[in-house]
Amino acid sequence: MDTSTASSLWDELIGTQPDPDLWVVLATMGAALAIVVPHTLWRVSRNAITIAHEGGHGLVALLTGRTLTGIRLHSDTSGLTVSKGKPYGIGMILTASAGYTAPPLLGLGGAALLAAGRITLLLWLATALLVAMLVMIRNAYGALTVVLTGGTFVVVSWLAGPQVQAAFAYAVVWFLLLGGVRPAFELQAKRARGGAGDSDADQLSRLTHVPAGLWLFLFHAVSLCSLIGGGRWLLEV
């Protein structure tokens, strides 16, 4: 790669791209709702939320000084992130709390980038995060899921035109914001039936002696506030 090509790629990465028309923003919101609300489609699309959920655990584990040993993604849309370190303390608490909060917060960050016109930067950052996560995947289904997701980002980033890239980026961010809300309600329903005794909220309760219901409230607050804030940014085109 010569200097001029590298410079061109850098300019594209840090530069801004034009906002899509309002109808595109609304259409991508509708598309995201269409794969989040119906249970049949959600059973498939929830895999992407699980990637963000487990990726959140893994990233925060690394940032807090824990040793990340592996991530597994399962076909029932559950996942497992394993890290080594003290089984208590702030690092463990932050790691455990990062799962349910990661998808909506990633959506909020993505909405901020799109509001600033950084469509290309968002796509490349997402691709880089998926590549980094792939290194830590420890099962075949998880690897396949991350490769397919990352491959989609690569194809759109390199081969699609600006309008398709913009529509794809907005659809992804809407999906993270809307899809980030549903898991906390699903967890609440499971706990109401006496299930999910080893959920993130229950683990956090054992770590902090704070009732699991309050941690569940935190998950709700983060996801709903992210949806409201991110949605406002996305609609200001």
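Give segment 104-119 a look and list any residue that's outside any helix (DSSP H, G or I) and open to solvent by 20 Å² or more (accessible area, probe 1.4 Å), or say none.
As a first pass, look at segment 104-119 and keep what is outside any helix (DSSP H, G or I): 116-118.
Hits for segment 104-119 are 116, 118.
Just to check your reading of the model, which residue among 232, 191, 182 is farther than 20 Å from residue 56 by Cα and either within 17 Å of the chain's Cα centre (by Cα) or buried (at least 17 other Cβ atoms within 10 Å of the Cβ) (or both)? Reasoning before the result, please.
Details: 232 fails: either within 17 Å of the chain's Cα centre (by Cα) or buried (at least 17 other Cβ atoms within 10 Å of the Cβ) (or both); 182 fails: farther than 20 Å from residue 56 by Cα.
After applying the criteria, what remains is 191.
Just to be sure, is residue 126 surrounded by 14 or more Cβ atoms within 10 Å (Cβ to Cβ), aliphatic (A, V, I, L, M), farther than 18 Å from residue 50 by Cα and modelled with pLDDT of 95 or more? Before you say what the answer is, go through the steps one by one.
Numbers: surrounded by 14 or more Cβ atoms within 10 Å (Cβ to Cβ): yes; aliphatic (A, V, I, L, M): yes; farther than 18 Å from residue 50 by Cα: no; modelled with pLDDT of 95 or more: yes.
For residue 126, the condition - surrounded by 14 or more Cβ atoms within 10 Å (Cβ to Cβ), aliphatic (A, V, I, L, M), farther than 18 Å from residue 50 by Cα and modelled with pLDDT of 95 or more - is not met.
Give me a count of the residues in segment 84-98 that are surrounded by fewer than 15 Cβ atoms within 10 Å (Cβ to Cβ) and in a helix (DSSP H, G or I). It would help to see each step written out before you state the result.
To start, the set of residues in segment 84-98 that are surrounded by fewer than 15 Cβ atoms within 10 Å (Cβ to Cβ) comprises 84, 86-90.
Okay, now just the ones that are also in a helix (DSSP H, G or I), so 90.
Of the residues in segment 84-98, 1 are surrounded by fewer than 15 Cβ atoms within 10 Å (Cβ to Cβ) and in a helix (DSSP H, G or I).
Filter segment 129-170 down to the residues that are small (Gly, Ala, Ser) and modelled with pLDDT under 95 and list them by number. Before you say what the answer is, go through the steps one by one.
Going residue by residue through segment 129-170, those that are small (Gly, Ala, Ser) are 132, 140, 142-143, 150-151, 157, 160-161, 166-167, 169.
Selection gives 157, 160, 161.
Quick check on residue 173: is it farther than 17 Å from residue 25 by Cβ and at pLDDT 95 or above?
No.
Can you find a residue that is touching a Ser or Thr at 6+ places or on another chain (Cβ under 7 Å), modelled with pLDDT of 95 or more and either buried (at least 21 other Cβ atoms within 10 Å of the Cβ) or within 21 Å of residue 34 (Cβ to Cβ) (or both) anywhere in segment 216-228? Reasoning before the result, please.
In the first step, residues of segment 216-228 are kept if they are touching a Ser or Thr at 6+ places or on another chain (Cβ under 7 Å); the result is 219, 222.
Adding the requirement that they be modelled with pLDDT of 95 or more leaves 219, 222.
If we keep only those that are either buried (at least 21 other Cβ atoms within 10 Å of the Cβ) or within 21 Å of residue 34 (Cβ to Cβ) (or both) too, we end up with 219, 222.
So far as segment 216-228 goes, yes, one or more of its residues are touching a Ser or Thr at 6+ places or on another chain (Cβ under 7 Å), modelled with pLDDT of 95 or more and either buried (at least 21 other Cβ atoms within 10 Å of the Cβ) or within 21 Å of residue 34 (Cβ to Cβ) (or both).
Name the pairs: first residue in segment 50-72 and of a type in the set (Lys, Arg), second residue in a strand (DSSP E or B) and at pLDDT 95 or above, Cβ to Cβ under 6 Å, at least 6 apart or on different chains?
Listed pairs, sorted by first residue: 66/83; 72/80.
Can you pull out the residues in segment 133-150 that are crowded, with 19+ Cβ neighbours inside 10 Å and free of Cβ contacts under 8 Å to residues at least 60 places away in the same chain?
Selection gives 150 alone.
Could you list, in sequence order, the residues of segment 1-50 that are open to solvent by less than 80 Å² (accessible area, probe 1.4 Å), modelled with pLDDT under 80 and of a type in the set (D, E, K, R)?
12
Can you tell me which condition residue 211 does not meet? The list is (1) open to solvent by 40 Å² or more (accessible area, probe 1.4 Å); (2) at pLDDT below 95, and all the others hold.
Of (1) open to solvent by 40 Å² or more (accessible area, probe 1.4 Å); (2) at pLDDT below 95, only one is false for residue 211: (2).
Test of understanding: among 214, 130, 122, which residue is of a type in the set (A, V, I, L, M, F, W, C), free of Cβ contacts under 8 Å to residues at least 40 places away in the same chain and not in a loop (DSSP other than H, G, I, E, B)?
Details: 130 fails: free of Cβ contacts under 8 Å to residues at least 40 places away in the same chain; 122 fails: free of Cβ contacts under 8 Å to residues at least 40 places away in the same chain.
Step by step, each of 214, 130, 122 is checked, and only 214 is of a type in the set (A, V, I, L, M, F, W, C), free of Cβ contacts under 8 Å to residues at least 40 places away in the same chain and not in a loop (DSSP other than H, G, I, E, B).
Given (1) crowded, with 23+ Cβ neighbours inside 10 Å; (2) touching a Phe, Trp or Tyr at 6+ places or on another chain (Cβ under 9 Å); (3) of a type in the set (Ser, Thr, Tyr), where does residue 75 come up short, assuming only one miss?
Against the list (1) crowded, with 23+ Cβ neighbours inside 10 Å; (2) touching a Phe, Trp or Tyr at 6+ places or on another chain (Cβ under 9 Å); (3) of a type in the set (Ser, Thr, Tyr), residue 75 comes up short only on (1).
Which pairs have Cβ atoms under 6 Å, sit 6 or more apart or on different chains, and link a residue in segment 151-169 that is surrounded by 20 or more Cβ atoms within 10 Å (Cβ to Cβ) to one that is outside any helix (DSSP H, G or I)?
Sorted first by the residue in segment 151-169, then by its partner, the pairs are 166/20.
Residue check, residue 61 against (1) hydrophobic (A, V, I, L, M, F, W, C); (2) open to solvent by less than 30 Å² (accessible area, probe 1.4 Å); (3) touching a Gly at 6+ places or on another chain (Cβ under 6 Å), all met but one. Which one?
Result: residue 61 passes all but (3).
The values are calculated or read from the model by the stated rules, or taken from the named source; none is laboratory data. Given the structure is predicted, the values throughout are model-derived calculations rather than measurements. Note that each Cβ is placed from the backbone with ideal geometry, even for glycine, and that neighbours are counted across all protein chains shown. Side chains included, ligands, DNA and RNA excluded: accessible areas come from the protein's heavy atoms. Shrake-Rupley method; radii C 1.70, N 1.55, O 1.52, S 1.80 Å.
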